[in-house]
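What follows is calculated from the coordinates using simple rules that are stated; it is not laboratory data. What you see is a predicted model, and the numbers here were worked out from it, not measured in a lab. Every residue, glycine as well, gets a Cβ built from its backbone with ideal geometry; the counts of neighbours run over all protein chains shown.
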Ligand code: FAD
């Protein structure tokens, strides 16, 4: 008898409890990844490329024993199980809306053995005293800290005896391009290297620097966490050795990742709809030609608001954007352009190399005021003062908006307001002061719902 280890968002061999569970079953294991068109198609080229590079690196670590198949896992996984006479399939659990449905469908045909999850603490585990879920981060975070997390599991390629996929007949192996060039180094080895480097040289400044896109000094581990080439538990264990405010702040950010996954697992609808239904009453003008023009300017980084444009161009160029700037551009779309947050969220998901449904949809909803936490709608980001505060010398803007490279210092944030015409750079497409009032007027409709 054999077994299957079905890799999904856990493309690593170190600290992967699924491998221990498969080894405990004392069976030879077939390592499988299914390229599922339902997930691959909406991914965007950057995330797809990163995925392929991660798979190549996993295959290499497994000495060429990763079987990659293209198609619907609901058919493929039971079929493979039949072919190798496996009576169960090992996975780490998936809590997203699609993954939950898919796994339930696979389970109709073959038992799934779930061990671990991509989170420090799996969704559903952190509950209030009365057993209900948290909707506000800070109390969730306190519970999360009290709960604690497991120590990393000691696993490696040699934990299991792997079946050679060439021995599985009648299955079409997907040929992955060998020389893909992801926008940043990915794979288990790259993740570990990047994290070690950050622990040695970056972590002590995290708290002070994390809001400064010009300094670009956050971990950039999001892409690795996305594909599970490192587990957050590994990172949390390493952070224990750093007794500093910065290490604690970074730990708190990792708790946000768990928090949003928990919220989405409990309310799968919130991937597409306002978590707070009062916001369904918010007037949004989606079907006017003007809405499309404004959306196009935002997407292209041509709004005339330098910090917004710099962020959108970083997204287009790198497939990544600094967290502070993600908040600024999201606020601009929702509160200055009065467009639906899900339009922005969809664009982000297409372009982000770290695009991750819970963090993205709930990051957007947090900004839009319709999501978790007490982020009051009426606290509206001013893109000028945000730029001046978090990019104080204007270096971030000049890095991403070449038209503004000749404008020195923080003056770069106010070209539009001072009426300075810069060749090739647009004048502000809206007036922030006017749109702020408009946003507040629209918010009255939401308040009436209460
Ligand atoms: P660091 O500051 O080094 O943080 C370390 C890790 O903590 C991150 O890699 C991430 O896993 C986690 N983390 C940090 N901040 C958050 C947060 N606010 N919510 C959830 N997890 C967090 N993050 C994604 O991973 N994928 C997304 O698609 C995504 N979309 C976002 C959309 C919007 C509108 C906003 C405001 C935030 C979004 N975030 C998303 C959260 C955050 O911006 C990124 O995780 C972060 O910028 C990634 O860079 P980093 O790894 O250097 O972060």
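Annotations for the structure displayed:
- Sorted by Cβ neighbour density within 10 Å, fewest at the top, the residues 244, 93: 244, 93
- Put simply, when 25-31, 361-367 are sorted by average Cβ atoms within 10 angstrom per residue, most first, you get 361-367, 25-31.
- Each part reduced to its alpha carbon centroid, segment 189-212 and segment 104-125 end up 31 Å apart.
- Label separation (residue 192 vs residue 113): 2.5 nm, computed from points 7 Å beyond Cα along the C-beta direction.
- Helix axis angle, 188-201 relative to the chain longest principal axis, alpha carbon, degrees: 50 degrees
- Highest to lowest packing among 94-102, 10-18, 262-270, scored as the average C-beta count within 10 Å: 10-18, 262-270, 94-102
- Approximate spin-label separation residue 83-residue 241, in nm, with each point projected 7 Å along Cα-to-Cβ: 4.3 nm
- Peptide packing: for 120-130, 223-233, the average count of neighbouring Cβ atoms within 10 Å per residue gives the ranking 223-233, 120-130, highest mean first.
- Shape class for segment 277-448: prolate, because the ratio a/c of the largest to smallest gyration tensor axis (alpha-carbon atoms, square roots of eigenvalues) is 1.5 or more and a/b beats b/c.
- Within the listed set 61, 310, 167, the residue fluctuating most in the Gaussian network model of the chain (springs between alpha-carbon atoms under 10 angstrom) is 167.
- In plain terms, the chain from residue 142 to residue 346 could stretch by 70.3 nm, reckoned as 0.36 nm per residue minus the Cα-Cα distance.
- Shape call, the chain: gyration tensor on alpha carbons, a/c limit 1.5: prolate
- Taking the C-alpha atoms only, the angle from helix 97-107 to the longest principal axis of the chain is near 10 degrees.
- Taking the chain as a Gaussian network of alpha-carbon nodes connected by springs under 10 Å, the highest mean-square fluctuation of the residues 20, 39, 337 belongs to 39.
- Per-pair calculated FRET efficiency, R0 = 30 Å: residue 317 and residue 41 via Cβ, rounded to 0.05: 0.85
- Two-site FRET efficiency, residue 447 against residue 174, from Cβ-Cβ distance with R₀ of 41 Å, rounded to 0.05: 0.20
- Contact order relative to length of segment 277-448, as percent, for alpha carbon pairs under 8 angstrom and 6 or more apart: 29 percent
- Placing dummy labels 7 Å off each Cα toward the beta-carbon, the span from residue 215 to residue 151 is 3.4 nm.
- A Förster distance of 41 Å, applied to the separation of the beta-carbon atoms of residue 164 and residue 98, puts the FRET efficiency at 0.85.
- In degrees, nearest ten, helix 245-266 long axis to first principal axis of the chain (Cα): 80 degrees
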